[in-house]
Amino acid sequence: MMYAQSAFRFCDFIAVSILIANVAVFTLRFFLRFVTFLVTRPWRRHRTFTVVISDHLSPLYCAVCQQEAKEGEKMRRLTICRHCFHADCIDPWLGEMSSTCPLCRAEIPPSPPEYPLLSLFFSAGLIDLFNNKELR
């Protein structure tokens with residue numbers, strides 16, 4: 001009887017120890033992935049603004065269409081190199097053609113994922129597998 005109680009307590013101790021170790025490893029892994037996520041993910045590739053013409057500022061110039069910006073036009077400023085372009089001009093460039101600035105060729109970081117918090121728990125390949133629009 002005493003032996004059975006000791007064996008039961010020992011098994012209970014092992015089970016609790018394994019559970020605590022798993023929780024600690026999962027917490028540490030989640031924390032490290034979250035920190036890596038925060039450090040490596042660019043939050044914005046560009047900033048969008050509407051042009052307001054002022055007397056003391058020189059007019060903005062779009063290098064893609066080679067025209068100056070007019071009052072009320074939507075522009076995008078790339079965060080990496082701070083060059084400005086018309087939104088309609090730069091969106092196709094960034095979407096399909098290239099991931100560099102058309103003016104200085106600075107490397108623009110990739111777009112953040114559609115569901116960024118999912119990448120903390122699942123690998124990018126698994127998320128892409130379920131988000132692949134070509135398969136649907």
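No value in this document is a laboratory result; all are computed from the given coordinates. Since this is a predicted model, take the numbers as computed values, not measurements. Here Cβ is always computed from backbone atoms with ideal geometry, including for glycine, and neighbour counts include all displayed protein chains.
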Practice item. Please sort 76-84, 19-27 by packing, taking for each peptide the average over its residues of neighbouring beta carbons within 10 angstrom, highest first. Key: 76-84, 19-27
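For the pair L129 and T36, what calculated FRET efficiency results from E = 1/(1 + (r/R0)^6), where r is the Cβ-Cβ distance and R0 = 22 Å, to the nearest 0.05? Please list the in-between numbers first.
Working: r = 21 Å, r/R0 = 0.97.
Once rounded, the FRET efficiency stands at 0.55.
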Practice item. Using amide H atoms built 1.01 Å from N in the peptide plane, name the residues 5+ places from T100, or on other chains, whose amide H lies under 5 Å from its own. Key: I108
Practice item. Run the quick spin-label model on I80 and S99: label points 7 Å from Cα toward the beta carbon, then report their separation in nm to one decimal. Key: 0.8
Revision key, fill the gap. Nearest-0.05 FRET efficiency for I20 and D91 at R0 = 30 Å, using Cβ-Cβ distance, is 0.05
Check your understanding: Can you list the residues, at least 5 places off or on another chain, whose amide H is less than 5 Å from the amide H of A69, using H built in the peptide plane?
Key -> L60, Y61, C62
